[in-house]
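Everything below concerns the one structure shown next.
The values are calculated or read from the model by the stated rules, or taken from the named source; none is laboratory data. Computed from a predicted model, the values in this text were never measured in an experiment. Backbone-built Cβ (ideal geometry, glycine too); neighbour counts: all protein chains shown.
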Amino acid sequence: MEKPVKLACRSVWKLYGPNAADFPDVKNVMTQKSHSERHLELTGEQIRAAGLIGAVRAANVEIREGEIFVIMGLSGSGKSTLVRCLSRLIEPTAGEVLFEGRDLLSMPERELIEVRRRKMGMVFQQFALLPHLTVLQNVAFPLEVQGAAKAEREARAREVIELVGLKGRESYFPRELSGGQQQRVGIARSLAVEPDLWFLDEPFSALDPLIRREMQDEFLRLQSMLHKTIVFITHDFDEAIRLADRIAIMQDGEIIQTATPEELVLNPATDYVAEFTRHIPRAKILTARSVMTPSVMTPSMMAGGPAPEIHAGDVQADDRIEAIAERIEAADSPFRVLEEGEVIGSIDRQAVIDVLVGRDPVRRDPVRRDPVGREGAG
Amino acid sequence: MSLASPDSSPAGPNPARVNLTRFNPMGAPLWLGLFVVTWIFSSYGREFSRAIDARWLMKYPSGWRLPLKRDISDAMKWLVEDATFGLFTFKEFTRGIAWLIELPYDFVRSAVIDGFTVGVGSDAAQIAPALSWIAIIAVVVAIGRVAKDWRLAALVGGCFLYLAVFGQWDSAMVTLASVLISVPIGVAGGLLLGIGAYRWPLFDKILRPILDLMQTVPVFAYLVPILFLFGFGPVAALVATIIYAMPPMVRVTTLALRGVPTEIREFGAMVGCTRWQMMWKVLVPSAAPGLMVGVNQVIMLSLNMVIIASMIGAGGLGFEVLSSLRRLDIGAGLEAGIAIVVMAIALDRLSQAFAVRPTPSHEEQVAHDEADLLQKAGLIKRHPWSTTVVAVALVTGLVGLLLPAAQSYPASLTLTTGPFWADLVEFINVNFFDQFEAAKTFMLTYLLLPVKRFLLGIPWPWGIAIVTLAGWKFGGWRLALLAGGLALFIAANGLWDKAMITLYLCGVSVLIASLIGIPLGVLAAENERANRIVSAVIDTLQTLPSFVYLIPVVMLFRVGDFSAMIAVVLYALAPAVRYAAHGIRNIEPQLIEAGIVSGCTRWQLLRKIKLPLALPEILLGLNQTIMLALSMLVITALVGTRDLGQEVYIALTKADSGRGIIAGLSVAAIAIILDRILAASARNARARLGLAE
């Protein structure tokens, strides 16, 4: 069952340049068409011809409760601008942003401040720690802004500092910490108010690769405890694949595909997306379901007879190939793929090897695939 | 603006105009031709104008003069005598301000020098003595220790001890009291205005030209209307000081706030800061290191101005210098001058130490927190420095009741170097009189006087034409209009000749300052040891209040244009050196490597690669040198120049606000013309070299 939508944006545009707000075509596009038709009525050429820069163009996003939604794009693709439109750090030129069903863009300042104080948290690429405050004071800062009493906010700050593993460093100043530790402070600070919606703007990009990896694990650990709704920005496709429930890929201000990592690998919408997925180790992403040969109900099975093939074992439909590859490769005969106890297909050694060597995944249709599978098995 | 083509220069999209700024073959002959024509005009203009009976060519006819002087004087008079804001009159308003400033000033003055009294006149009874000299030294030592380390503490302690031992204590404390009052007001005012400019772009737009003008109008020019409004005395001096010292703080504040990383600002928004919280809890603390640079500037400028403002009653060290200059008492003047230098160094080092002071480490923080926990148990432990200082103050205060030496430094123990300096200067003047005189005469005959004659000979309409042409060539028609208009303003107020004398003194001084400064800068950039020595000298020169430069110069060369020129050169040298060194150091190493690989000799490297690439920076340095030279020139009116500075000085002595303001604005006009033309040419040079803005 799908979770409710936490944050959504519809046809959000952000144009930069002189008189961007008066650019007539944006208004036309916005007012005349319904949401689905609006998509990219305005081409890049038109925007450039008007002397403007389209940082975000017709972005549509729906982020569901409890999911990690990654916005991925190279530098200049508009991902940072988009996340700032979503949090209204930047006023979009056109479009609407709905947070828990309320229009964020028409919200008066007082209410917006209240929403940000209670419901949102954000982690920044360069950490954005206040240099004159200690770790404890930095983490307690959002609570201080809300007017919490000193003892109360410091108690809460100590809790989150312990959560991110910085216990004992409460009285350090940011300049005395390493980059990774500073970002832990940033994370602790954004969690101090127990936000529902957590923005992370390239939180690990300024860190060394080894530390980055460690921080990603740490992040997943935290999320498994906290179950926040997360908007995560990155330019690193590996990171996106590793963390995301769903990924939106941006190019030149446009979202060109929004999908699960697996769908991206299997059905890239454009060559651009395919280019990213090409070098990704597929075994880590693809599940048994997407490479299996679906079962065909044979007449004998319908009659209640046994399945025609011998099988070496069972795997679950959601198992990653990486996790099951060794078992399948070692066996002579295919494995059954189960979902909720039902057999929904089979997977054999050849299919796994195709994934591992990165051969283009052929969508196997059962009729053609069967004899091939048997050849492989034989 | 990183494109190499000059057509993309920031000045505008007009390629025809920008093309003119290239090094085109026509450029040099054009300027040479203009110079020859000007020279002919200058040499024969007088005869020519007489021949055709058009005297107006040489002398701006008095019938065409604008009556601005009189108008301004009348307006000031009206302000003081009749103007009213409805509820209260303008006079009451200025009195209110005076009262507001006088209150804390009197308090501080009582604290550091006069002692606290009740009653007035002969009924006055002292209720508490001022802080003893020992206590004040203890305070500055403690501040030095807190700001940095014992070395700094020893330095500032030594500086103040010097003031006591050499008998300058009382005047120094008067000066200190003025600085202590004007600095907080200047800092707070500058901070608020800067925040305003940061927040409201419209306010910024209005404020910016005012700040520009305030920095180009010579300091004397403020003194005149302030003297008129507030009368002779410390309050007028404080008002002038605050006005003079505030603009850099405004600029620094706006810059520092703009320099706060975007992410910090976004963080503030995301945690739901109100505007107030955003400013005072996020932006201002984050910008604190930058703001401290502004505080340092306010302190140094305040000291500079407090010295100058002794002319309108600030008293203190500046007054000592001024009166000894007037008496030609060389020893006393020099002694007070050295006291100013000592004080400037102490204040500068202290405030700089605060500016670069790092945030405490966690150990200190822990210690502080623990001390906080001790609460009442350890007042001394929590505030070791404050308690020590208070103890010293109390003890010396009490002892001082019995033993006067603890209260004020005993006069019998003061040393005076006055006679020594007087003897030394006399010795120099007696033994080297011929050499000095020869040098002076040589410079006067072969450089100063010819230039003066040349500039004074130029008919004013032709002068205006040349200025306009230069404006057009470097910056297009707008700059041409501005430059021509300002030049006409000077002529129309009948100040053309005086402006030419200012220009001549300024030009010669800047030329000499550049001839000394730019090679020094190049040397400093090339050689590390030279750099250390040059930087030390330049740093010290820059801390000194402008007044101080007059003292040795007058002693050795007496009054006149030559003395003025030397003082101006010394004062204006620093930027020429700094910018040249900076320009050469900032050249991309790859370009130099490319030169080396091509087999350039060191000389070729310097001449063909480094100097051309450093040109924009050198031009900027020249610009700064000119600005400093102009501001100093006005002060050299004290040593008898006959330029616009003298005009301001006369206005000051006569409290003639119209005359002072017009003369001040004329100096500002010269400064603005030169500044804009040079800035435009530096910009063109940058564009030609393809350097970023």
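Go through segment A:84-121 and report how many residues are assigned to a strand (DSSP E or B) and not hydrophobic (A, V, I, L, M, F, W, C).
5
Consider B:Gly485 against the criteria (1) under 29 Å from the mean Cα position of the chain (by Cα); (2) surrounded by 20 or more Cβ atoms within 10 Å (Cβ to Cβ): it satisfies all of them except one. Which criterion is unmet?
(2)
Mind telling me which of the residues A:Glu100, A:Glu96, A:Glu91 ends up being more than 9 Å from every other protein chain (Cβ to nearest Cβ), surrounded by fewer than 20 Cβ atoms within 10 Å (Cβ to Cβ) and on the phi > 0 side of the Ramachandran plot?
The unique qualifying residue is A:Glu100.
Need at least 1 residues that are touching a Gly at 6+ places or on another chain (Cβ under 8 Å) and at pLDDT 75 or above per element, so show me which helices (runs of 4 or more DSSP H) inside segment B:4-89 make the cut, counting only ones lying wholly within it.
Filter on segment B:4-89 gives B:27-51, B:68-81.
Residues that are within 12 Å of chain A (Cβ to nearest Cβ), within 21 Å of B:Gly194 (Cα to Cα), part of a helix (DSSP H, G or I) and in contact with a strand residue (DSSP E or B) (Cβ under 8 Å, 6 or more places away or on another chain): does segment B:286-302 have at least one?
Looking through segment B:286-302, none of the residues is within 12 Å of chain A (Cβ to nearest Cβ), within 21 Å of B:Gly194 (Cα to Cα), part of a helix (DSSP H, G or I) and in contact with a strand residue (DSSP E or B) (Cβ under 8 Å, 6 or more places away or on another chain).
Suppose the filter is out of contact with any His (no Cβ under 8 Å at 6 or more places or on another chain), touching a residue at least 40 places away in the same chain (Cβ under 8 Å) and surrounded by 23 or more Cβ atoms within 10 Å (Cβ to Cβ); does B:Gln215 pass it?
It is false that B:Gln215 is out of contact with any His (no Cβ under 8 Å at 6 or more places or on another chain), touching a residue at least 40 places away in the same chain (Cβ under 8 Å) and surrounded by 23 or more Cβ atoms within 10 Å (Cβ to Cβ).
Here is a yes/no grid of residues against (1) surrounded by fewer than 20 Cβ atoms within 10 Å (Cβ to Cβ); (2) within 12 Å of another protein chain (Cβ to nearest Cβ); (3) more than 21 Å from A:Leu133 (Cα to Cα):
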site	(1), (2), (3)
A:Gly179	yes, no, no
A:Arg184	no, no, no
A:Arg189	no, yes, no
A:Asp208	yes, no, yes
A:Leu222	yes, no, yes
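When A:Phe69 is evaluated against the numbered criteria (1) within 14 Å of chain B (Cβ to nearest Cβ); (2) touching a Phe, Trp or Tyr at 6+ places or on another chain (Cβ under 9 Å); (3) among the aromatic types (Phe, Trp, Tyr), which criterion, by number, is the only one it fails?
Going through (1) within 14 Å of chain B (Cβ to nearest Cβ); (2) touching a Phe, Trp or Tyr at 6+ places or on another chain (Cβ under 9 Å); (3) among the aromatic types (Phe, Trp, Tyr) one by one, A:Phe69 breaks only (1).
Does segment A:129-153 hold any residues that are touching a Lys or Arg at 6+ places or on another chain (Cβ under 7 Å), more than 7 Å from chain B (Cβ to nearest Cβ) and buried (at least 23 other Cβ atoms within 10 Å of the Cβ), and which are they?
A:Val135, A:Asn138, A:Val139, A:Ala140, listed by residue number.
Within segment B:520-543, track down each residue that is without any contact (Cβ under 8 Å) to a residue 24 or more places away in the chain and either assigned to a helix (DSSP H, G or I) or touching a helix residue (DSSP H, G or I) at 6+ places or on another chain (Cβ under 7 Å) (or both).
Result: B:Leu523, B:Glu528, B:Arg529, B:Ala530, B:Arg532, B:Ile533, B:Ser535, B:Ala536, B:Val537, B:Asp539.
Inspect segment B:608-625 for any residue being surrounded by fewer than 20 Cβ atoms within 10 Å (Cβ to Cβ), in a helix (DSSP H, G or I) and among the charged types (D, E, K, R) and give the result as yes or no.
Yes, some residue in segment B:608-625 is surrounded by fewer than 20 Cβ atoms within 10 Å (Cβ to Cβ), in a helix (DSSP H, G or I) and among the charged types (D, E, K, R).
Is there a residue in segment B:103-122 that is in contact with a strand residue (DSSP E or B) (Cβ under 6 Å, 6 or more places away or on another chain), in a helix (DSSP H, G or I) and surrounded by fewer than 20 Cβ atoms within 10 Å (Cβ to Cβ)?
The answer is yes, given that some residue of segment B:103-122 is in contact with a strand residue (DSSP E or B) (Cβ under 6 Å, 6 or more places away or on another chain), in a helix (DSSP H, G or I) and surrounded by fewer than 20 Cβ atoms within 10 Å (Cβ to Cβ).
How do the helices (runs of 4 or more DSSP H) wholly within segment B:138-255 filter down when requiring 2 or more residues that are within 28 Å of B:Ser310 (Cα to Cα) and of a type in the set (Ser, Thr, Tyr): which remain?
Helices (runs of 4 or more DSSP H) meeting the threshold: B:169-199.
Name the residue that is surrounded by the most Cβ atoms within 10 Å (Cβ to Cβ), counting only residues in segment B:262-280 that are in contact (Cβ under 8 Å) with a residue 12 or more places away in the chain and facing chain A (nearest Cβ under 10 Å).
Only one residue fits best here, namely B:Phe267.
Scan segment B:130-169 for residues that are touching a helix residue (DSSP H, G or I) at 6+ places or on another chain (Cβ under 6 Å) and not hydrophobic (A, V, I, L, M, F, W, C) and jot them down.
Hits for segment B:130-169 are B:Ser132, B:Gly144, B:Arg145, B:Lys148, B:Gly157, B:Tyr162, B:Gln168.
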